[in-house]
Amino acid sequence: MSNQRTERWRQLLSAHRVGDKKDRPPQQDTPDERTGFDKDYDRIVFSSAFRSLHDKTQVFPLSTSDYTRTRLTHSIEASSVGRSLGQLAGRTLKARGVEVEPAHLGTLVAAACLAHDIGNPPFGHSGEAAIQHWVEKRYPRYEPEKPTGPAHPFATESERQDLVRFEGNAQGFRILVRLQSRNRDGGLRYTVATVGAMSKYPRPSVLPGRREKDKARISEKKFGYFQDDAQLAREVYRTLGLTEREPDVFSRHPLAFLVEAADDICYALIDLEDSAKLGLIPMEEACTLLESVAAMQANFRPLKEKVDWESRLGVARAGAVFVLIQECVAAFEENVEAMEAGRFERSLVSARPEVDRKLKVITDITRKKGYESERVLQIEAAGFKTLGGLLDMFAPAVLADTPDREQKKLRQLLPLEFFQRPGPYLENRDEAIERLTPYQRLLCVTDYVSAMTDGFAVELYQRLSGIKLPE
């Protein structure tokens, strides 16, 4: 049995690189002793998409505080937690006779955590909603028997749903397998194991043969890749041997549950800490909430006597993170065989009832007092207008077969690289655009807009609207 499971994990940890036609041995080290997963980690760190997360909203958009976390710091912290989760999970597998290297699992989960938010547009979930609203408002549901005219950019309803339901997770997949190094298949060619571990929702926007997702399956909560990237998704998930329940609908990679757990831990605890630091939640209340989680560790001792609030908060947060890592690894150990078979469909946090209950109390309080504070709502509303306004400008310019003068100028503002596909690099902008389908052109626009930082999106919108002229 252990031999069968070892073979299964060798497939789940495949070193095959997306788009690469070569067969590579598992986890081949390089002369500098980096594994394939180390390379993935480094490629993410040095990518412009990762770097841009420094000015993308985590919870508090365009914060004037130098303390408040952004998507970048959140991703780094999630990666730190993910490394611990991966290493500990590797030890539990090894103790059961599965031949894996815990350090390799730690690096793999850490790399996937670094990339888990890399596809988020400006202004976080509000930015996703802005793109969704813009598409839905302009393009009615696709009906083949009722032609919608030449301006309709979608050939199928699935293409339309990709953008009506625009999803940062799918954009993240697209960044890793296509948008970095656009001229070759597979982009920067990350290992399928890293891409699989990052993929919380390995399914398309439209489920075959049914209109509704299965709410009992956490892997169907959202979608994880666009139609334009479907062939690359099949390559990733089939190479890993993930269960294909329906055509193009796959089970999660077991390590994706650890990536999700790292995100859940940081999302719940760190957002509470930020809210307290900004004065939206009383420090004493935040400390008490974190200490209630940390107290699940028998020898935890909170700082309460003659100490500043920041020190007490830091000790409580560290204790809570430690407890949650242990609890999530225990849940992984209890359910890993079901994960390997594609049968497990819950988050690791929800598999531990006491943990789940405590974190729900924390997230409910943070949502009411932090996420829904007046300043956050005002800036999110402004971000909604900003992204919609940018799409109003750039989408018609790119979709037009015969652009007018204004549209030609807007085309020139879009970097030529966004219109490249695998193959020879095209220097002629119009030629590069014209070889794309309308759906692919619109994806290029959302690629451009979603790659912006919060500050750049606002600045560009103001300049193009004449509100603010370039200096």
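Every number here is computed from the coordinates shown, using simple stated rules; none is lab data. Just so you know, these numbers come straight off a predicted model, no measurement behind them. Neighbour counts run over all protein chains shown; Cβ positions are idealised from the backbone, glycine included.
By its C-alpha gyration tensor, with a ≥ b ≥ c as the square roots of the eigenvalues, how is the range 378-420 shaped: rounded for a/c under 1.5, else prolate for a/b larger than b/c, else oblate? Since a/c reaches 1.5 and a/b is larger than b/c, the shape of the range 378-420 is classed as prolate.
For a quick protection proxy, order the peptides 315-326, 415-426, 259-270 by their average other-Cβ count within 10 Å, most packed first.
Ranked from most to least packed, the peptides come out as 259-270, 315-326, 415-426.
From Cα pairs below 8 angstrom and at least 6 apart in sequence, can you work out the relative contact order of the range 184-335, rounded to a whole percent?
Details: 160 pairs, mean separation 29.7, N = 152.
Relative contact order, the range 184-335: 20 percent.
Classify the range 275-371 as rounded, prolate or oblate, taking a ≥ b ≥ c as the square roots of the eigenvalues of its Cα gyration tensor: rounded when a/c is under 1.5, otherwise prolate if a/b is larger than b/c and oblate if not. Taking the square roots of the gyration eigenvalues as a ≥ b ≥ c, the range 275-371 is oblate.
Here Lys213 and Leu416 are evaluated by their C-beta separation; at R0 = 45 Å the FRET efficiency comes out at 0.75.
Relative to the Cα centre, the charge distribution of the chain, modelled as +1 at Lys and Arg Cβ and -1 at Asp and Glu Cβ, gives a dipole magnitude of about 440 debye.
Classify the range 116-256: rounded, prolate or oblate, from the alpha-carbon gyration tensor (a ≥ b ≥ c, eigenvalue square roots; a/c under 1.5 rounded; otherwise prolate if a/b is larger than b/c)?
Numbers: a/c = 1.61, a/b = 1.40, b/c = 1.15.
Judged from the Cα gyration tensor, the range 116-256 comes out prolate (a/c at least 1.5, a/b above b/c).
In this simple spin-label approximation, Arg184 and Arg463 carry label points 7 Å from Cα along the Cα→Cβ vector, and these lie 3.3 nm apart. Every helix of 4 or more DSSP H residues in the chain counts as -39500 (n - 2.57), and over all residues that averages to -17500 deg cm²/dmol at 222 nm. A simple rule links phi to the HN-Hα coupling: the Karplus curve 6.51 cos²θ - 1.76 cosθ + 1.60 with θ = phi - 60°, which for the range 157-170 gives 5, 4, 4, 4, 5, 3, 9, 5, 10, 2, 9, x, 5, 5 Hz, with x for Gly and Pro. For the chain, the residue among Ala382, Pro282, Leu442 whose Cα projects farthest onto the positive side of the dipole built from Cβ charges is Leu442.
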